Amino acid sequence: MMNRRIVITGLGIISSIGVGKEEFWENCLQGISGIKPIRRFDVSSYRSQLGAQLPEIDFKAFIKPANLRRMDRIGKIVVSAVKLALDDSGLDLKNEDSNRMGISIGTGLGSSDTVDQFFRSLLKDGPTGAAPLLFQTAVPNAIASHCSIEYGIKGVNLTFSHKETSTEMALAFAYHLLKEGRADVILAGGGDELSEPLYHVYSMLGALSPRGGKGLEGMRPFDQERNGIVLGEGSGILVLETLEHAKKRGARIYAEVAGIGLSGSTDGLLRYDLKGDSIAKAMSLATSEPQTVDHISAAANSTIDLDRAETLAIKKVFRERAREISISGLKSMIGEFDGSGGIRACGVALSIYHGMIPPTVGTENLDPECDLDYTLHQMKKREIRSALLNGCSNGGSNISLWFRRY
Amino acid sequence: MRKRVVVTGLGVVSAVGNDIPEFWNSIVEGKDGTKEITVFDSSPYRIKIAAEVSHFHPEDHFSKKEIRRLSRCDQFGLVAFREAWRSARLDQDVIDKERAGVVLGAGSGGILSVEKYFRDFYQGKKKPSPSLLLSYSLATTTDLIAIGAGLKGPRTTTATVCSSSSASLGVAYEMIQMGLADLMVSGGSDSLCEVSFSGFSSLKLVDPESCKPFDKRRQGLVIGEGAGILILEELEHALKRNAPIHSELLGYGICADAYHLTSPEPNGEGVERVIRAALDHAGISPEEVDTINAHGTATPFNDIAETRGIKRVFGERAKEIPISGIKSMVGHCLGSAGGIEAAATVLTLENGVIPPTIHYEVPDPLCDLNYTPNRSIRRDVKVALSNSFAFGGNNVCLVFGKYLNGK
């Protein structure tokens, strides 16, 4: 029973560099960044001006009109990614037992914009300003509820919100439940949106590039001149399925999820794992065959602490092999956001399936302490036996997922 | 073979008591924690009551500097955690902290602090302190507990609001099953805030007088606050260090109604599925269940759906099972409701006392089960369920059993 294998059979991506896996993957391989001056809200009063924003999306193409009315923007974004993933998987819901299908979503601050609208209306008009329709979508689990209602999915349904590891956790939990036989199929992943209140909070907490006001604004993982994060938005959903179930319906298999590792560091509420020990532990727990790891999708978010710790951690786990591993930092193109892990996991599945590694962009001069192969500027063709996806949150949750070629 | 997971520590902060002995005495005696709201200005509201935590003095627990940076939610969480940690004797025993983690459930989290910030910011009164924004993430209390205690095992936060901390116990259970941890700190913390108070009020789900679960006069919930923290531990690990064992977490279920954003599935079909999923996971038959800690929010629809769901699972026997609705006393604590109610369920198993549903006077023909009206009862309990349901139909059911050696 413990030998149940779990595979990825569908990918749904709504990102700043493409809607749908084809557009996303083409841009990703070409190293096209979604980071641009922010237009959806006024940032003139901020030192930072950039964000990786989604293009205008016609959500009617993805969501039933009656349900669309009840959703806020983040709900629409994630449900659209679910639709893309389901279509991509070829699953026919009519043939599935809805009790054996589940949803596992990670979102940092999913409905921050809705909460903010609700609160402002409350401030302005007092109790009569409290709008019930806003409130019901303001809860973080509204996103997963939208997904379950849209598709009548009645099995496991859970929402995680733990900073930058929210989606990695959603994926890890889905993997484990499938392994335990508690579902046949779980739609896992998540997302976040770039909202004005969220931008404000990150800015006030001093997280945004250019941190300290020095240098050029931008996302440059592992670069000497990096100076903080640029926020992004989007959603990535994976159809995870037991191999048995996938085989029975003749599904295309992108890759296998083969292990997960979770660990915690305790360096401070806004600090990443400083020494890399915790990230190393997460990776070691995730993979039982480190000698087959050819690719790592790094958490790399252009902060000095995390870039260095992750590099150190990779060296600790892989020693002399560390330099042979092709590392990519996708956040250099899609920006940093709590729910980024779903899109990045889709990226790993596509890398394994096509044998191609997307580049890390924006980086010019490597930090001497970051001396591994980060696949700078140019994508690389490479057969991948197995790959790791790292998620690291400030405050200290570290999660690694291990994917294998099927 | 699944690992056996036991509860070795408990901690609570609630409107009826800020530690386990006081909390348990209060709910056994049927004490109502509902009072006038003081944590924010309730004067513009028609309803001015909540199950607010009182006699809680931060300076008894934290330094001045800490108090400035910790939200009310963080403070409740840390205080309940410290009680749970001590009661599990983890302050004395040396454990491998690489194999101890934290999974909490969150509701509104520290939004009370964030509200303070944005009220000042939007009204342009004064420059608010950015440290209030540390509570912007729902993960803050989870991280603070882990960092404070140096716990380096798995860590995450569940966010299904009204069922969050029940879900967190399920996730913590799995961390032990995965072999990633010997013990997990789990449960949840939440504090009153204006956003959730006004939100539930706007949906007309709040009762102006008191929380009266399953009573015909019920008009809705009374919002509560507090924290309920449990230490879940792998049985062998607990035995090896001779830890106090309160009860066993036998299994859990998590399902979706897939029905509506705020209303429960009316026929109790969603409730039935989650209870069945939990019993199935725990390897327990419906005949073995001795008591149920109900979700019992006292909203007109929830209580009917929950009653119907229970009847669908237990059939004729449903009427014999004593059910407790402790939200009648501690209010609906949102992100910590499941943690506090899990603690009550564990204490029920341990003490053989089933706490009452208070304010129960007028029976509702649509809610026709035994809700343990107004007075607690003594009963030897071997298996107890704790239900938690959330907006959008995110339902969780936990199965606790009396710890029996060798079972």
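The values are calculated or read from the model by the stated rules, or taken from the named source; none is laboratory data. This one's a predicted model, so the numbers in the text were calculated from it and none came from an experiment. Neighbour counts are summed over all protein chains in view; Cβ atoms, including those assigned to glycine, are modelled from backbone coordinates with ideal geometry.
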Residue that is farthest from the other protein chains (Cβ to nearest Cβ) [pool: residues in region B:224-271 that are under 25 Å from B:LEU203 (Cβ atoms) and charged (D, E, K, R)]: B:GLU225
Are any of the residues in region A:385-405 at positive phi and touching a Pro at 6+ places or on another chain (Cβ under 8 Å)? no
Given region B:114-220, what helices (runs of 4 or more DSSP H) lie entirely inside it while holding 2 or more residues that are over 26 Å from B:GLY11 (Cβ atoms) and either touching a residue at least 40 places away in the same chain (Cβ under 8 Å) or more than 9 Å from chain A (Cβ to nearest Cβ) (or both)? B:194-202
Number of positions in region A:112-135 that are assigned to a helix (DSSP H, G or I), surrounded by fewer than 22 Cβ atoms within 10 Å (Cβ to Cβ) and facing chain B (nearest Cβ under 7 Å): 5
Being on the phi > 0 side of the Ramachandran plot and surrounded by fewer than 22 Cβ atoms within 10 Å (Cβ to Cβ), is that true of even one residue in region B:25-32? yes
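One line per residue, one yes/no per condition, for (1) crowded, with 24+ Cβ neighbours inside 10 Å; (2) over 20 Å from B:SER165 (Cα atoms):
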| residue | (1), (2) |
| --- | --- |
| B:GLY338 | yes, no |
| B:ALA343 | yes, no |
| B:THR348 | yes, no |
| B:LEU366 | no, yes |
| B:THR372 | yes, yes |
| B:ILE377 | no, yes |
| B:LEU385 | yes, no |
Read through the list (1) surrounded by fewer than 24 Cβ atoms within 10 Å (Cβ to Cβ); (2) closer than 25 Å to B:CYS193 by Cβ, then give the number of the only condition that B:ILE284 fails. (2)
Out of all the residues in region B:245-267, is one or more surrounded by 20 or more Cβ atoms within 10 Å (Cβ to Cβ), within 18 Å of the chain's Cα centre (by Cα), more than 19 Å from B:GLU174 (Cα to Cα) and at pLDDT 95 or above? yes
Report yes if some residue within region A:212-223 is in a helix (DSSP H, G or I), more than 9 Å from every other protein chain (Cβ to nearest Cβ) and either without any contact (Cβ under 8 Å) to a residue 60 or more places away in the chain or buried (at least 21 other Cβ atoms within 10 Å of the Cβ) (or both); otherwise report no. yes
Within region A:395-406, considering residues that are part of a loop (DSSP other than H, G, I, E, B) and surrounded by fewer than 24 Cβ atoms within 10 Å (Cβ to Cβ), the one nearest to the chain's Cα centre (by Cα): A:ARG405
Given (1) more than 7 Å from chain B (Cβ to nearest Cβ); (2) not in a helix (DSSP H, G or I), index of the condition A:GLU150 fails: (2)
Scope region A:348-390; condition under 23 Å from A:GLY261 (Cα atoms), among the β-branched types (Val, Ile, Thr) and buried (at least 24 other Cβ atoms within 10 Å of the Cβ); matching residues: A:VAL348, A:ILE352, A:ILE357
Which one is farthest from the other protein chains (Cβ to nearest Cβ) among residues in region B:78-94 that are crowded, with 16+ Cβ neighbours inside 10 Å and over 18 Å from the mean Cα position of the chain (by Cα)? B:SER87
Being under 27 Å from B:HIS359 (Cα atoms), assigned to a loop (DSSP other than H, G, I, E, B) and either of a type in the set (Asp, Glu) or modelled with pLDDT of 95 or more (or both) is the requirement here; does B:PHE23 meet it? no
State whether one or more residues within region B:303-314 are in a loop (DSSP other than H, G, I, E, B) and either touching a residue at least 12 places away in the same chain (Cβ under 8 Å) or under 19 Å from B:GLY17 (Cβ atoms) (or both). no
Inside region A:161-171, the number of residues satisfying the requirement of being at the interface with another protein chain (Cβ under 7 Å from one of its Cβ atoms) and either touching a Phe, Trp or Tyr at 6+ places or on another chain (Cβ under 7 Å) or without any contact (Cβ under 8 Å) to a residue 40 or more places away in the chain (or both) is 1
If you go through region A:119-136 one residue at a time, do you hit one that is closer than 30 Å to B:GLY101 by Cβ and touching a residue at least 12 places away in the same chain (Cβ under 8 Å)? no
Per the list (1) surrounded by fewer than 24 Cβ atoms within 10 Å (Cβ to Cβ); (2) among the polar types (S, T, N, Q); (3) in a strand (DSSP E or B), residue check on B:ASN395 breaks on (1)
Of all residues making up region A:137-196, the number that are under 12 Å from the mean Cα position of the chain (by Cα) and either among the basic types (Lys, Arg) or surrounded by fewer than 24 Cβ atoms within 10 Å (Cβ to Cβ) (or both): 1
Could you please give the count of residues in region A:284-322 that are among the polar types (S, T, N, Q), within 18 Å of A:GLY261 (Cα to Cα) and touching a strand residue (DSSP E or B) at 6+ places or on another chain (Cβ under 6 Å)? 3
Only one residue in B:ILE67, B:ILE49, B:ILE37, B:ILE111 is in contact with a Pro (Cβ under 9 Å, 6 or more places away or on another chain), buried (at least 17 other Cβ atoms within 10 Å of the Cβ) and not assigned by TED's automatic domain parsing to the domain that holds B:PRO322, so which one is that? B:ILE49
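Among the residues of region A:163-204, count how many are part of a strand (DSSP E or B) and of a type in the set (A, V, I, L, M, F, W, C).
4
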Any chance B:THR307 is among the hydroxyl-bearing types (Ser, Thr, Tyr), more than 14 Å from chain A (Cβ to nearest Cβ) and in contact with a Gly (Cβ under 8 Å, 6 or more places away or on another chain): yes
